[in-house]
Amino acid sequence: MTDLERKHDRAPVPRDWTYAPAPESREIVRLDERYGHFVGGEWLEPAETYETISPASEETLATIGQATREEVDRAVGAARSAFADGWSSLPGSERAKYLFRIARILQERSRELAVLDGKPIKESRDVDLPLAAAHFFYYAGWADKLEYAFPNRAPRPVGVAGQIIPWNFPLLMLAWKIAPALACGNTVVLKPAETTPLTALLFCDVLRQAELPAGVVNIVTGDGRTGAAIVDHADVDKIAFTGSTEVGKAIQRQLAGSGKKLTLELGGKAANIVFDDCALDQAVEGIVNGIYFNQGHVCCAGSRLLVQESIYEPLVEKLKRRLETLRVGDPLDKNTDVGAINSRMQLEKIQELVAAGEEEGAEIYQPPCRLPEKGYWFAPTVFTNVAQSYRIAQEEIFGPVLSVLTFRTPEEAVEKANNTPYGLSAGVWTEKGSRILWMAQRLRAGVVWANTFNRFDPSSPFGGYKESGFGREGGLHGLEPYLRFDE
Ligand code: NDP
C-alpha cells in the first residue's frame with residue numbers, strides 16, 4: 001500500500017488527479033448563419049460563398065463570402081474615398097480617440113472574441129485578446145506624435161493599405177496590421193485567412209460600436225484569390241502580408257516595379273538553444289511554450305531545440321515527462337494546452353513531415369494521449385536523433401513537433417542555429433549575461449529571447465531576416481511602413 005492510499009483511508013485525498021472538465025460557455029457568442037463583406041461601413045451581400053467549419057468538431061459554423069475581384073474593387077474604392085474624405089487629414093489626436101475606443105471595446109468584449117477565436121481558450125483569453133487590445137492602445141499613443149517619432153521628416157500616410165493575414169492568430173494579426181495603419185492616417189482593406197474569418201467579422205461590429213467613419217476599415221473574406229486581387233489592385237498603395245514564404249515570394253515578384261510599399265512576415269525555423277548552465281526546469285517550460293503554444297502554429301516557434309551535449313539526457317528526460325502532462329482536446333476547456341490543428345490540409349502537411357522524419361532515421365516520441373475522434377488533431381511530438389539535413393530540421397512544420405539537435409561549443413550552436421534559410425527568432429538559455437549578448441550578436445534572427453520564449457509586446461518590433469521576410473511590426477519601427485517621408 002502506498003503512502004497516498006494509506007492517507008486516503010483516513011482523509012479524503014483523491015486517488016485520481018484527472019482534471020474535471022472546465023468548459024467555457026459558448027452562449028456569449030451569437031453567430032449569424034451567413035456573413036457578407038464589410039465595405040464602406042455596410043454589409044455587402046457576397047456573390048460567391050463558402051462554408052467555414054470548426055477544426056475541433058468539423059461542424060459547419062457559418063456561410064462566408066468569397067470576395068470576387070469586383071467586390072475587392074468596391075472595398076478599395078470605399079477605402080480610397082474614406083482616405084480622401086477626411087481620415088487622412090484628421091488630426092492625430094482625433095484618430096487616436098478611435099483607436100483608444102477600439103482598444104477599450106476589445107477589452108470589454110474580450111470573452112466573446114476569445115471564445116470565437118476557436119483556439120485553446122486559455123491562450124486566446126490570456127494572450128491573443130490582451131495583446132490585440134494592447135496593440136490598439138499602443139498605436140493610439142503614437143497617432144498624434146508622428147512628428148516626434150520622425151523629426152524633420154514630415155511623415156504622411158501612405159494611402160490605402162491592403163492587408164492579408166494568416167490563420168494562426170486571427171484577431172491578433174488583424175490588430176498588428178490595422179492599429180499602426182490607422183494611427184498613421186491610412187485606410188485599410190483586410191483579408192483574414194479563409195479558415196479563420198469569424199473574429200475579423202465580429203471585429204466589424206467593434207468598429208461600428210466605436211463609430212469609426214465608414215470605409216476606414218473594410219474587411220473582405222475569401223481564399224488566396226481574394227488576397228491576390230488585393231495585391232493586384234492598382235489603387236492599393238501598400239501591401240502588408242503575413243503567411244507562407246512561398247506566397248510571400250510570389251507577392252514580391254508580383255509587386256516588383258509597381259511602386260507599392262511592401263512588408264512580408266513569413267515563416268521561420270527558430271533555434272531554441274539550451275546551454276548546460278541554464279536553469280533546467282525553467283528551460284523545459286520555455287521549450288514547451290516555444291513549440292506547443294498555439295499547437296505550434298507560430299511563425300517564430302522554437303521548432304529546433306539545440307541542446308548542449310552534456311545536459312542532453314537529463315533535459316530530454318524532463319521534457320518527455322513534461323509532455324505527458326500536456327492536455328490535448330476541446331479548445332473551449334480551460335485546462336486544454338493543445339487544441340485542434342487549423343485545417344485538414346495543415347494536418348496532412350504535419351503528418352507528411354513527421355513521416356519524413358521517421359523515414360530519415362529520427363526517433364519519435366509522443367506521450368500517451370487520447371485524441372478526439374472528430375476534428376483535426378495531432379499529439380505533441382518530439383524527435384531526437386535528428387541530423388541537420390533532415391526535412392524536420394529544415395522545413396517549417398507549423399505544428400506541435402519539435403526536433404532536438406545537440407552542440408558542444410557556443411560557436412557550434414551559432415553555426416547550427418543560423419543554418420537555415422529563415423531568420424525570424426531564436427532563444428538562448430544560460431545563466432551568463434555575457435553569453436546571451438555574445439549569442440544575440442551572432443544569431444541571424446529578428447528576435448532573440450533570453451531565458452524566455454514567445455514573449456510579445458506591442459512596443460517591441462518583430463520581423464525577420466532572409467526568407468522570413470522584411471519590415472518590422474510593432475514598436476516605433478512598425479509605424480514606418482505606413483508612412484511616406486519628404487526626403
Ligand atoms: P498562405 O501563405 O497561403 O496564407 C496566408 C494568407 O495569404 C491567407 O490569408 C491566404 O488566403 C492568403 N493567400 C494565399 N495565396 C495568396 C496569393 N496568391 N496572394 C495573396 N494572398 C494569398 O499560408 P497557408 O495558410 O497556405 O499555410 C501554408 C504554410 O505557410 C503553413 O503550413 C506554414 O508553414 C506557413 N504559414 C506561416 C505563417 C506565418 O505566420 N509566418 C502563417 C500561416 C502559414 P487563404 O487563407 O485563403 O489561403
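Structure above, values below:
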read-out: Accessible carbon and sulfur surface of segment 327-370 relative to its total accessible area, %, 1.4 Å; value: 43
read-out: Convex hull volume per residue in cubic angstrom - Cα atoms of segment 421-484; value: 93
read-out: Segment 335-378 shape via C-alpha gyration tensor axes, a/c threshold 1.5; value: oblate
read-out: Average silhouette area of segment 33-119, convex hull of alpha-carbon atoms, in square nanometres; value: 7.4
read-out: Per residue solvent-accessible surface (Å²) - segment 76-138, probe of 1.4 Å; value: 39
read-out: The chain: projected area of the alpha-carbon convex hull, averaged over directions, in nm²; value: 25.3
read-out: Longest to shortest principal axis, alpha-carbon extents of segment 368-487, angstrom; value: 59, 43, 27
read-out: Relative contact order %, the chain, counting alpha carbon pairs below 8 Å whose residues are six or more apart; value: 17
read-out: 0 to 90° range, to nearest 10: angle between helix 170-183 axis and the chain longest Cα axis; value: 40
read-out: Stokes-Einstein D (µm²/s) once Rh is taken as the Kirkwood radius of segment 322-397 over alpha-carbon pairs, at 25 °C in 0.890 mPa s; value: 183
read-out: Portion, in percent, of the accessible area of segment 16-102 that falls on carbon or sulfur, probe 1.4 Å; value: 50
read-out: Equivalent ellipsoid semi-axes, segment 177-279, via Cα gyration tensor eigenvalues times 5, rooted, Å; value: 29, 21, 14
read-out: Per residue accessible area of segment 331-487, 1.4 Å probe, in Å²; value: 45
read-out: Other-chain or far-sequence residues with amide H under 5 Å of ILE273's (modelled H); value: LEU306, GLY427, VAL428, TRP429
read-out: Cα-based convex hull, segment 247-370, per residue volume (Å³, whole number); value: 177
read-out: Carbon/sulfur fraction of accessible area - segment 210-251, other protein chains in place, 1.4 Å, %; value: 54
read-out: Candidates per chymotrypsin sites (Phe, Trp or Tyr not before Pro) in segment 84-160, loop by DSSP, up to 14 other Cβ within 10 Å; value: none
read-out: Contact order relative to length of segment 65-151, as percent, for alpha carbon pairs under 8 angstrom and 6 or more apart; value: 35
read-out: Cα-Cα P(r), segment 127-221, percent of pairs per 5 Å interval; value: 3, 13, 23, 26, 18, 10, 5, 2, 0
read-out: Gap separating the Cα centres of segment 204-256 and segment 328-404, nearest whole Å; value: 31
read-out: Mean-position separation - Cα centroids, segment 91-133 and segment 52-82, in angstrom; value: 21
read-out: Sparsely packed GluC sites (Glu not before Pro) within segment 281-337, loop by DSSP, other Cβ within 10 Å at most 13; value: GLU324
read-out: Segment 280-332: C-alpha gyration tensor shape, a/c 1.5 cut-off, then a/b vs b/c; value: oblate
read-out: Percent of Cα pairs exceeding the 23 Å cut-off, where the set is segment 29-177; value: 49
read-out: Calculated SAXS-style log₁₀ I(q)/I(0) at q = 0.15 Å⁻¹ - segment 366-420, Debye, Cα scatterers; value: -0.55
read-out: About the Cα centre, charge dipole magnitude for the chain (Lys/Arg +1, Asp/Glu -1 at Cβ), debye; value: 980
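The values are calculated or read from the model by the stated rules, or taken from the named source; none is laboratory data. Computed from a predicted structure; not experimentally measured. Using ideal geometry, Cβ is built from the backbone for each residue, glycine included, and neighbour counts are taken over all protein chains shown. Ligands, DNA and RNA are stripped out before the accessible areas are found, and what is left, the full protein with its side chains, is counted by its heavy atoms. Shrake-Rupley method; radii C 1.70, N 1.55, O 1.52, S 1.80 Å.
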